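Single-structure report; data block below.
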Amino acid sequence: MKFGKITLFVLAAFALVFSFILFLGSFSQTGTSIPVWFSIILAGIGFIMIFFATRAEPPAETGQNVTVNIDLPGQVGMDTIKCKSCGGVLSEKDIKLVAGAPVVTCPFCGTTYQLSEEPKW
Ligand SMILES: [Zn+2]
């Protein structure tokens, strides 16, 4: 997603520079084959590409915040926690910190309790 944005900016820069050269060229020579409106349209395309490149930023930022929260991707087997009531395997998504204490909400049976017995991290 970020790569596409950079490409869009580079293409927009090329379009703007190229249109500027064409714009100057169309005035310096009387009988040019390239009309003035072509350079104006090219400049417009460049501005539209910049507009879309700057707008495409917000969705990319939300994906980063989710992965930063919990930092144990390599120890999944070690940190497997099971529900006290139904024995279902709980993931890190079910654990929330409430007033400094880790509180687990079981997605299977809906039980909510504190993680006081197994402070494995
Ligand atoms: Zn449960």
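At-a-glance table
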| read-out | value |
| --- | --- |
| With all protein chains modelled, accessible area of Phe23 [1.4 Å, Å²] | 80 |
| With DNA, RNA and ligands ignored, accessible area of Leu24 (1.4 Å probe; Å², nearest 10) | 100 |
| Residues whose placed amide H lies under 5 Å from that of Leu90, excluding near-sequence neighbours | Ile81, Lys82, Cys83 |
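The values are calculated or read from the model by the stated rules, or taken from the named source; none is laboratory data. Every value quoted in this text rests on a predicted model; they were computed, and no experiment measured them. Ligands, DNA and RNA are stripped out before the accessible areas are found, and what is left, the full protein with its side chains, is counted by its heavy atoms. Shrake-Rupley method; radii C 1.70, N 1.55, O 1.52, S 1.80 Å.
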